[in-house]
Amino acid sequence: MTRMQTRRLIVRLAQLLAAAVVTQFAQAAPVTAARIIAADKEPQNWLAHGRTYGEQRYSPLAQINEANVGQLGLAWSYATGTTRGLQATPIVVDGRLYATGVWSVVYALDARTGKQLWRYDPDVPRAWGRYACCDAVNRGVALWGDALFVGTLDGRLVSLDAKTGQKRWEVNTIDRTKPYTITGAPRVVKGKVLIGNGGGEYGVRGYFSAYDARTGKLAWRFYTVPGNPKDGFETPELEKAAKTWNGEWWLGGGGGTVWDSMAYDPELDTLYVGTGNGSPWARAIRSPGGGDNLFLSSILALDPDNGELKWHYQVTPADNWDYTATQHIVLADLHFDGKPRKVLMQAPKNGFFYVLDRVSGELLAADKYIPATWASHVDLQTGRPVETADGDWSHETRLIIPAPFGGHNWHPMAYNPNTGLVYIPAMQPMGIYTPSREYLTTGKFTRREMFWNPGVDWNEYTKSIYGLLQQFQGSLPPDRGYLKAWDPVARRTRWEIEHPAFWNGGLLTTAGNLLFQGTGDGRFVAYAADTGRTLWSVPTMVGIVAPPVTYAIDGEQYVAVLAGYGGAGAVTGGDPRTMASGKYLNDGHILAFKLGGNAAMPRIAERNQDIPEPPAIEAAAAQVENGKYAYTANCMVCHGALAVSGGVTPDLRRLSSERHSIFKQIVYDGVIHTAGMPRMADLVSEQDVHDIQAYLVQRAREDRAAGQKVAPARKP
Ligand code: CA
């Protein structure tokens, strides 16, 4: 045989093998509404994002339980070949596992072996990463019939053949001249694919859309904030909402983006959606003259057939702090005050745990799950928070708990009906809020187009960080991260565990009295769901933010989770000394465990912690000072405060001499945009680029001199 013939034969054999693998799964029945509604009848599968439409992330599987969880071992691992955040909830059906990763890539694996069946790359332009506040992440696919749906970072919704990964249709869901992104998982309700988007910090107007699952045709769209009244209002609700806004809010988009949570109650035929923060954060700039700014930071109850609003509850009226209500929504039936109630539960960023009657929208409870300082309490009569003087940063810089990271971010909670507890990946970050000096002195605010624009003062912010560093002798008070077990009926924390890192993984709870969580410091842990006792733990060396799932094949139960640190708390803030990604390379993996599993855990290499000698850059002190401010305003959101990276994006103190030699071409001209570093010439001047580089050189010198390989980072 010639070499060519041999190659052809090998290709043909590979094709036959692939076909055999496909045949093995050919019996897979289509996923229908009836199947998702009756998900408890097939606990071996994980059919929808939160397993059920109520999104409790509770599994009835109990083969792995508190008595035997100590025998859990790795069944298989799959290397994604990525080094940024992995946040997806895998969907598992009839032996196949579907997950998404960095840049919205979709993976289909044999759930028993981890063998790749296919991989789909939507080819997201890497420069689009500039519009993503919080890493190039994706939280998963939805499955309906025999089709998968994925939202891409650059705003497309794509339908794939679940068997082959072949594209069926693709629609653009956004105005492509605006910095929208999609990171959330679609949901499918009654044949319609629901998808929102992000971009609140970049000056966009929030909405979410419903597309026909078969054709990709737009069925309806719900805008969460009114547009320019001159253009007319899309719905009567928006006409009413416009009365809660002032000034020319539409110039900054308004925000209210729907970037994560949705849940559905098939009995009530009601869809629940959480909306995002105001754009910009500063309400004085966004809506001068006040107003609640509906429907920012709200929970919306809608008719899934047409998107008509049934009721709404605004968790943070007149949001001023980036307090989104896009956090996980859990539906449950509880005995509340002695009465059976159909409730909706949420721990939004603002630090209060809410219980609402999901039939009427009536507020039943709102209690602090972390010591939030912006409000004293929520008045249950009016349903409104009572703000404190400490939370008002309209005239001076304030330190406020929680920071924009929130008391809880997107990382899913879990509710266990046996323990009656809601488990929260909770945080206690302190935020520095600095009012815009320009706005205070001139009444104007200069918006940067297509970029991070929260309406704070970056110079003041930078000064505050350096002031705090001095006050605390070079080490800032740490942000804190917890696993909290919240009793929604008793309205209090039952137990809590503090983690080393503040930014940790989402949750899974099971009928085996288990609670699973991955941590930012690189462990995967099983706790007793009732007491919080640690029962089992394995070092992963890679930080985990994704929520685990569980499934079974031929009666054998598995627990799977994506390991890959990322998201806002990893790229912008946090202390790298507490994060696995600060010490090890952030090599992405999908890990699956089973009882008696004996596969070897992936080997993760240690990161080189050296800071190389930087080149000499001629710069006056004033230029370095300018570089410091320009860095904070333009670079920090991805590369970390004080130029200290959490390991997910490059640490700019450690730039090679080769990178330094083309620094201007990188930042100003975008010569490495395909690697994810976009062109910034519209935001910074050539002088700024020079000064930023001089600041980075100074930071490298400082930390080399201090022998401090990793300095504590700080967040907005
Ligand atoms: Ca936000």
*Hey, does the range 350-372 have a residue that's more than 30 Å from Leu508 (Cβ to Cβ), of a type in the set (S, T, N, Q) and over 27 Å from the mean Cα position of the chain (by Cα)?*
yes
*Can you give me the ranges of the strands (runs of 3 or more DSSP E) entirely in the range 536-615 with at least 2 residues that are under 17 Å from the mean Cα position of the chain (by Cα) and of a type in the set (A, V, I, L, M, F, W, C)?*
556-563
*Any idea which residue in the range 188-235 is farthest from the ligand (Cβ to nearest atom), counting only those that are farther than 27 Å from Arg130 by Cα and of a type in the set (Lys, Arg)?*
Arg214
*Could you figure out which of (1) away from the ligand (no atom under 16 Å from the Cβ); (2) polar (S, T, N, Q); (3) open to solvent by less than 10 Å² (accessible area, probe 1.4 Å) isn't true of Asn306?*
(3)
*For the range 348-362, what are the residues that are away from the ligand (no atom under 16 Å from the Cβ) and surrounded by 21 or more Cβ atoms within 10 Å (Cβ to Cβ)?*
Phe352, Phe353, Tyr354, Val355, Leu356, Arg358
_Given the options Asn409, Asn453, name the one that is under 30 Å from Asp40 (Cβ atoms), open to solvent by less than 20 Å² (accessible area, probe 1.4 Å) and within 16 Å of the ligand (Cβ to nearest atom)._
Asn409
*Run Ala325 past the list (1) within 16 Å of the ligand (Cβ to nearest atom); (2) in contact with an Asp or Glu (Cβ under 7 Å, 6 or more places away or on another chain) and report the number of the one that doesn't hold.*
(2)
*Mind checking which strands (runs of 3 or more DSSP E) fall wholly inside the range 131-245 and carry at least 1 residues that are within 30 Å of Thr572 (Cα to Cα), of a type outside the set (Asp, Glu) and open to solvent by 40 Å² or more (accessible area, probe 1.4 Å)?*
167-172, 218-223
*Can you tell me which residues in the range 249-292 are at pLDDT 95 or above, open to solvent by 30 Å² or more (accessible area, probe 1.4 Å), away from the ligand (no atom under 16 Å from the Cβ) and closer than 25 Å to Gly155 by Cβ?*
Trp250
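The values are calculated or read from the model by the stated rules, or taken from the named source; none is laboratory data. These numbers come from a predicted model, not from an experiment. Glycine gets a Cβ as well: all are built from the backbone with ideal geometry, and neighbour counts include every protein chain shown. Accessible surface is based on the protein model in full, side chains and every heavy atom, while ligands, DNA and RNA are left aside. Shrake-Rupley method; radii C 1.70, N 1.55, O 1.52, S 1.80 Å.
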